[in-house]
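The values are calculated or read from the model by the stated rules, or taken from the named source; none is laboratory data. These figures come from a predicted structure and were not determined experimentally. Glycine also receives a Cβ, built like all others from the backbone with ideal geometry; neighbour counts cover every protein chain displayed.
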Amino acid sequence: MQKMHICFIYQDPFAERVIGNLCNADNFCRACSLLCERCRLKYGSFAGDIQYVHRISANLPAFIEEPRIFLPENMPECDVLIAVALHPDILLAIPQAAQESNAKAVIVPIEDKRWCPPGVRQQMKKKLDETGIEYAFPKPFCSLEPFNQPVIENLVKRYAIGKPEVEVEVRGGFIANANVVRSAPCGSTWYVAQQIRGKKISEIEEAVAVAHHSYPCTASMEVDPEIGDTILHKAGYIIREAVKNAISRASS
């Protein structure tokens, strides 16, 4: 898988979880506390692929006439530009910033409906279509799947992030072991995999739900009209489906 360069521009600390997952520092995941089995050692670190991180203040006016001034003056070159929870006016300047950085793809995760309103998303898509830059607006980020998008597909494969996938061993109606194939970008799948070990298959949905909330998932608990549910619930459904599919494969 080809080495990549990633730039993050963000306002919400959620981006720091994603960055932490990719860097995989020793102190990133403390979810298991004293019972830590250091399961993330095998993941390694992709800190060298992160080209630039730019945080924008959360205290901005309602309307911004010149959003470009809040972005780096000289955009560093990158393959993928990830924009997290930006002011709508700044989001609309991201396609131009992506061009300046020679980015081949833009990803705008949506963990809260306010992070990228539908109207802003449509304007961004139009601008990015005109430039030929790949894009994704995963809601939530753990729903990310590439659709005929080679750059985003390479990102998903290289960093093993996106829509979660796990493998499990089943013995006597219990989860004997669980491994992460692909994690939610925030890293929560690693924790869920640890927490379902030793759990009864008959109680697995509750076990996954408890682990997912305990990590914790920081997606919004407000109902999103586009999905007819909360984004937090959608994230929960995604990881539960991943575990149930793993059990089905292991049991066949």
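Count of region 143-169 residues, restricted to those that are among the acidic types (D, E) and in contact with a Phe, Trp or Tyr (Cβ under 8 Å, 6 or more places away or on another chain), is 0. Scanning for something over 30 Å from G119 (Cβ atoms), in contact with a Phe, Trp or Tyr (Cβ under 7 Å, 6 or more places away or on another chain) and either among the hydrophobic types (A, V, I, L, M, F, W, C) or not in a loop (DSSP other than H, G, I, E, B) (or both), does region 220-243 turn up at least one residue? Scanning region 220-243 turns up no residue that is over 30 Å from G119 (Cβ atoms), in contact with a Phe, Trp or Tyr (Cβ under 7 Å, 6 or more places away or on another chain) and either among the hydrophobic types (A, V, I, L, M, F, W, C) or not in a loop (DSSP other than H, G, I, E, B) (or both). Could you count how many residues in region 15-35 are under 25 Å from L86 (Cβ atoms) and at pLDDT 95 or above? Number of matching residues: 9. So is I133 in contact (Cβ under 8 Å) with a residue 60 or more places away in the chain and either over 20 Å from N102 (Cβ atoms) or in contact with a strand residue (DSSP E or B) (Cβ under 8 Å, 6 or more places away or on another chain) (or both) or not? No; evaluated as a whole, the condition is false for this residue. Residue-level check: of (1) surrounded by fewer than 20 Cβ atoms within 10 Å (Cβ to Cβ); (2) touching a residue at least 40 places away in the same chain (Cβ under 8 Å); (3) touching a helix residue (DSSP H, G or I) at 6+ places or on another chain (Cβ under 8 Å), E111 misses just (1). Restricting attention to region 92-124, the residues that are hydrophobic (A, V, I, L, M, F, W, C), farther than 23 Å from L232 by Cα and in contact with a Lys or Arg (Cβ under 9 Å, 6 or more places away or on another chain) total 5. Screening region 164-178 for residues that are surrounded by fewer than 20 Cβ atoms within 10 Å (Cβ to Cβ) and touching a residue at least 40 places away in the same chain (Cβ under 8 Å) and picking the one that is nearest to the chain's Cα centre (by Cα) gives E165.
Scanning for something of a type in the set (S, T, Y) and either in a loop (DSSP other than H, G, I, E, B) or in the same structural domain as S214 (by TED's automatic domain parsing) (or both), does region 47-56 turn up at least one residue? No. The residue of region 209-226 that is nearest to E16 (Cα to Cα), among those that are surrounded by fewer than 23 Cβ atoms within 10 Å (Cβ to Cβ) and touching a strand residue (DSSP E or B) at 6+ places or on another chain (Cβ under 9 Å), is S220. Looking only at region 122-136, decide whether some residue is under 26 Å from I69 (Cβ atoms), assigned to a loop (DSSP other than H, G, I, E, B) and not assigned by TED's automatic domain parsing to the domain that holds C186. Scanning region 122-136 turns up at least one residue that is under 26 Å from I69 (Cβ atoms), assigned to a loop (DSSP other than H, G, I, E, B) and not assigned by TED's automatic domain parsing to the domain that holds C186. Residue count for region 183-208 under the criterion of being crowded, with 16+ Cβ neighbours inside 10 Å, of a type outside the set (S, T, N, Q) and part of a helix (DSSP H, G or I): the result is 8.
Filter region 36-46 down to residues that are surrounded by 12 or more Cβ atoms within 10 Å (Cβ to Cβ) and either outside the structural domain of I94 (by TED's automatic domain parsing) or in contact (Cβ under 8 Å) with a residue 40 or more places away in the chain (or both) and give me whichever is farthest from H87 (Cα to Cα). In this case the residue turns out to be C39. Against the numbered list (1) under 23 Å from P150 (Cβ atoms); (2) within 16 Å of the chain's Cα centre (by Cα), Q2 comes up short only at (2).
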